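Reading through the structure tokens given below for one structure.
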Amino acid sequence: MVKASSRWTNLAFQLLAIVLALAFTSLVMILAKADPLEAYRNIVVGSVGSVNKFSDVLVAWVPLLLATSGLLVTYTAGLWNIGVEGQITLGAIFTTWALRVLQDSTLSPGLIIVIGFLSGALGGMLWASVVAFLKIYGGVNEIFGGLGMNFVATALTIWLIFGPWKRPGIGSMSGTEPFKEALWLPTFTGLRISPWSLVVGIVGIAVIYLLLQGTYFGLKLKAVGRNRRAAFLLGIPTTQYMWAAFLLCGLFAGLAGAVQVLGVYHRLIPSISSGYGFLGMLVAMLINYQPTWAAPVALFFAALNIGSIQLPIVMKLDSTLSGVLQGALVLAVLLMDGVRQRILRRR
Amino acid sequence: MNVELINIHKWFGPVHANDGITLHIPSGVIQGLLGENGAGKSTLMKILSGFYQADEGEIRLDGKPVKIESPADAIRHGVGMLHQDPLDFPPMRVVDNLLIGHRGGLFPNRAEAIRAMQDLQARFGFNIDPYAYVDTLTVGERQQLEIMRLLWLGARVLILDEPTTGISANQKEKLFATLRALAEQGMTVIFVSHKLEEVEELCHRVAVLRQGRLVGEVEPPYRTEDLVKLMFGKVVVPEDKTHFDSKEPLFRLENLSIEDYRLQIRDVTLTVHRGEVIGLAGMEGSGQRQFLQACAGIIRPVAGDIYLDGKRLTGRPYRDFLEAGITYVPAARLEEGLIPGLTLTEHFVLAEPQEGFVVNRQKAAALTTQRIADFSIKGMPTSTVESLSGGNQQRALLAMLRQPLNLLLLEHPTRGLDIESTIWIWGKLKERCRQGTAIIFTSADLEEILHYSDRILVFFGGKVSQPIEATKTSVEELGQLIGGKGF
């Protein structure tokens, strides 16, 4: 029995959570001797203050949304795919690899870019399949497998940048030699965002939404995630569904890595994943693992990231302040959800 | 200790689980608490033992009003509850289980605990090794351990919630003797059950609950019809013994042998006919579960063959068994049968064969409404299965079975259900038999096995008896076999 008032109570608790998160972040800023209102104003101006700024937000939004989309699949299957960071990185490495091999060939740049995307997807799936293999056949918890593979991915990136793929002369932390402009994803004039990135991100979340909300695949995946034993007894091939979840998440993470290379950095850099994997986990938790609100919440988080970039310049505050706010927000929402349930149960 | 419950009210959302219950239980009495599933017995007892707090009402112990806020609080006041499933720590030793919850000191005093335990064992004739691990004990012994623990912690009121589920007849006798001894020593015993015979045999007085209300208090001599009428508000009659055994062979086991780390089942040969019902009797853990799972294709036999309609299924994957129309329904409803978090609609969609890629919502909604009506499930299509009561979960499980089926393997299909639900569920199952489905089921209730089976297999420590005609045996004979006599 759902009472009509419960929707409003839920909303009230969520608003309370946001207030709590803002209060906590403000407290941190006051301790750092900064004016919170000034900081929030700077974040708003820095994210939506101009068309240029907003296009930068979209640049961050697409890979974040892709990572979140992939994670929704593994969460539905009851898996904590913490290895998503490494899967993004491998996507970027495979895309870079494909472009390095093909850049001097006679293929048209458009085709090379498409191959770059596909390679990225493949790289992400490959990295996810290692975690899946360890989990399904070795009994290694996917959290540990994923964590391990994240370290390997970082080490692999550094080795490539300073080793085989180093710039002519000497390798540097600034990454590999940038690709020629023909291999960059075309952007809107004067802006950094590419319409093609937007298409990939939006189509991605739409596919996940339809898959999880309306299909047998989504329902069976949910069954596997909630009770693997009962799902097996009902005749659902649980091993295959776990494989599918890992591979699908790897595919989306790989695409995020490909977007980072093709649309943003045009080369491989050491921290190519930009933490979007972990941030994606926060987004997924905040939206309670349901795809409906993925796009707007990811956009909000991207705006916080971009908006805080200029904090060090204007206010001598570190730009990781956005991370404080994002983390506080997720924890406050989870906390308030727990409080709400306790109160409702008491009644 | 005198227990007084005065005008107790408890709501769960819109459900009025306890509706103004007033009950006075003097010390030295075994008080029965009778009622069908969902009548509010467990809720009332959980309020008395501190698991829940009453929304309204008062509890008095020896005339003194008390506020019981947690189970720890309850035991401080001298109220201890024995739960339906033992709430102990299987990987730990008996003596450490005894010490858990005991107050005093930084270092546990094992010597004292063992001394106290031996006193209690002598008092009740128990025989448990204090250094044994709890997971090596039988359910009955774990109950004995729990009783000793509560007594040692100072319980003077002992609540037992359906304590006879899952223990043998011998252990039941012992439990009853213990409870009688406790009552003679001035303890207050509250015995919660839906089994009429047990309540009639044991209790000095009986209170009957129906739909959250106290509908009657009865003293011996009991008349069964009166109790049934109080429980259900009407007279319930078991349906006729209809049998649909067609003598047409359907399922055949040849020299089937099953092994797992605990027991071995050797050389079972059996032919099951269409429409036939085979009951598996035996103590819990004698191999019935392994036998059912081997028939279902979930565990592989080490030797022998399985045939359905002449087709050899031995060694084939579980999915092939499913497709051949063999279905296994486990006893642990929420652990193995249903998927917590998913709605009734989602369950019915999952149980049906997949059509296309996208779920047809309208069709699913229609199917769900139909099934809910057919199986009288008290729940909405959007209800998650864990929000349903045990009886309704069992109905949902049966509603998920595909049509048609060749062989239905049921593990404790009516465990924990009241008479009315049991009769109703068997009505549904017999309907399947009429359509040609064969049923193999386990039960701890020999009456149920005798009443509904055509033939019976008795299990004892992995040994399996020859099939026994249900009409040619009795509860007494089966009881002997279960105890290992005649093997």
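The values are calculated or read from the model by the stated rules, or taken from the named source; none is laboratory data. Not measured: the values here are computed from a predicted model. Using ideal geometry, Cβ is built from the backbone for each residue, glycine included, and neighbour counts are taken over all protein chains shown.
Numbers for the structure displayed
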{"quantity": "Qualifying residue in the range B:278-298 (condition: more than 30 Å from B:LYS172 (Cβ to Cβ), among the acidic types (Asp, Glu) and either in contact (Cβ under 8 Å) with a residue 12 or more places away in the chain or more than 14 Å from chain A (Cβ to nearest Cβ) (or both))", "calculated": "no"}
{"quantity": "Residues of the range B:299-346 classified as within 14 Å of chain A (Cβ to nearest Cβ) and part of a strand (DSSP E or B), total", "calculated": "5"}
{"quantity": "Number of the exception - B:HIS204 against (1) surrounded by fewer than 19 Cβ atoms within 10 Å (Cβ to Cβ); (2) in contact (Cβ under 8 Å) with a residue 40 or more places away in the chain; (3) under 24 Å from the mean Cα position of the chain (by Cα)", "calculated": "(3)"}
{"quantity": "Residue check, A:SER271 among the small types (Gly, Ala, Ser), more than 14 Å from chain B (Cβ to nearest Cβ) and surrounded by 19 or more Cβ atoms within 10 Å (Cβ to Cβ)", "calculated": "no"}
{"quantity": "Hey, A:LEU221 surrounded by 18 or more Cβ atoms within 10 Å (Cβ to Cβ), within 14 Å of chain B (Cβ to nearest Cβ) and hydrophobic (A, V, I, L, M, F, W, C) or not", "calculated": "yes"}
{"quantity": "Counted residues, the range A:142-175 - those being among the polar types (S, T, N, Q) and under 24 Å from A:PHE252 (Cα atoms)", "calculated": "3"}
{"quantity": "Unique match (being touching a Ser or Thr at 6+ places or on another chain (Cβ under 7 Å) and among the acidic types (Asp, Glu)) among B:GLU184, B:GLU225, B:GLU198", "calculated": "B:GLU198"}
{"quantity": "Counted residues, the range A:227-262 - those being away from chain B (no Cβ under 14 Å) and modelled with pLDDT under 95", "calculated": "0"}
{"quantity": "Filter result (outside any loop (DSSP other than H, G, I, E, B), at pLDDT 90 or above and not aromatic (Phe, Trp, Tyr)) within the range B:177-198", "calculated": "B:ALA177, B:THR178, B:LEU179, B:ARG180, B:ALA181, B:LEU182, B:ALA183, B:GLU184, B:THR188, B:VAL189, B:ILE190, B:VAL192"}
{"quantity": "Matching residues, the range A:290-330, being part of a helix (DSSP H, G or I), free of Cβ contacts under 8 Å to residues at least 12 places away in the same chain and more than 15 Å from the chain's Cα centre (by Cα)", "calculated": "A:PRO312, A:ILE313"}
{"quantity": "Filter pass, B:ARG415 being within 10 Å of chain A (Cβ to nearest Cβ), closer than 30 Å to B:ARG252 by Cβ and in contact (Cβ under 8 Å) with a residue 60 or more places away in the chain", "calculated": "no"}
{"quantity": "Selected residue (only one of B:GLY297, B:GLY216 is in contact with a helix residue (DSSP H, G or I) (Cβ under 6 Å, 6 or more places away or on another chain) and surrounded by fewer than 19 Cβ atoms within 10 Å (Cβ to Cβ))", "calculated": "B:GLY216"}
{"quantity": "Extreme residue, farthest from B:THR382 (Cα to Cα), among residues of the range A:11-58 that are surrounded by 14 or more Cβ atoms within 10 Å (Cβ to Cβ) and among the polar types (S, T, N, Q)", "calculated": "A:ASN42"}
{"quantity": "The range B:1-28 - residue that is surrounded by fewer than 17 Cβ atoms within 10 Å (Cβ to Cβ) and of a type in the set (Val, Ile, Thr) and, of those, farthest from B:LEU160 (Cα to Cα)", "calculated": "B:VAL15"}
{"quantity": "Selection from the range B:365-403 of residues that are surrounded by fewer than 21 Cβ atoms within 10 Å (Cβ to Cβ), of a type in the set (Lys, Arg) and within 29 Å of B:ALA324 (Cβ to Cβ)", "calculated": "B:ARG402"}
{"quantity": "The range A:128-180: number of residues that are of a type in the set (Lys, Arg), in contact (Cβ under 8 Å) with a residue 40 or more places away in the chain and either surrounded by fewer than 18 Cβ atoms within 10 Å (Cβ to Cβ) or not assigned by TED's automatic domain parsing to the domain that holds A:LEU99 (or both)", "calculated": "1"}
{"quantity": "Top-ranked residue of the range B:350-364 - restricted to ones that are at the interface with another protein chain (Cβ under 7 Å from one of its Cβ atoms) and in contact with a Phe, Trp or Tyr (Cβ under 8 Å, 6 or more places away or on another chain), ranked as surrounded by the fewest Cβ atoms within 10 Å (Cβ to Cβ)", "calculated": "B:PHE357"}
{"quantity": "Odd one out for B:GLU146 among (1) out of contact with any helix residue (DSSP H, G or I) (no Cβ under 8 Å at 6 or more places or on another chain); (2) among the charged types (D, E, K, R); (3) surrounded by fewer than 18 Cβ atoms within 10 Å (Cβ to Cβ); (4) within 26 Å of B:ARG103 (Cα to Cα)", "calculated": "(3)"}
{"quantity": "So B:GLU323, is it without any contact (Cβ under 8 Å) to a residue 24 or more places away in the chain, surrounded by fewer than 18 Cβ atoms within 10 Å (Cβ to Cβ), under 29 Å from B:ALA444 (Cβ atoms) and acidic (Asp, Glu)", "calculated": "no"}
{"quantity": "Residues that are modelled with pLDDT of 90 or more and either closer than 25 Å to A:GLY218 by Cα or β-branched (Val, Ile, Thr) (or both), drawn from the range A:288-323", "calculated": "A:TYR289, A:GLN290, A:PRO291, A:THR292, A:TRP293, A:ALA294, A:ALA295, A:PRO296, A:VAL297, A:ALA298, A:LEU299, A:ILE306"}
{"quantity": "Count of the range B:351-368 residues which are under 35 Å from the mean Cα position of the chain (by Cα), of a type in the set (S, T, N, Q) and in a helix (DSSP H, G or I)", "calculated": "1"}
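Yes or no, residue by residue, for (1) touching a residue at least 40 places away in the same chain (Cβ under 8 Å); (2) assigned by TED's automatic domain parsing to the domain that holds B:PHE321; (3) touching a Phe, Trp or Tyr at 6+ places or on another chain (Cβ under 7 Å); (4) of a type in the set (Phe, Trp, Tyr):
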residue	(1), (2), (3), (4)
B:MET380	no, no, no, no
B:GLY390	yes, no, no, no
B:GLN394	yes, no, no, no
B:LEU410	yes, yes, yes, no
B:ILE419	yes, yes, no, no
B:HIS451	yes, yes, no, no
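Here's the yes/no breakdown for (1) under 23 Å from B:GLU146 (Cβ atoms); (2) basic (Lys, Arg); (3) free of Cβ contacts under 8 Å to residues at least 12 places away in the same chain:
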| residue | (1), (2), (3) |
| --- | --- |
| B:THR22 | no, no, no |
| B:ILE30 | yes, no, no |
| B:SER42 | yes, no, no |
| B:LYS46 | yes, yes, no |
| B:ASP62 | no, no, no |
| B:SER70 | yes, no, no |
| B:ASP85 | yes, no, yes |
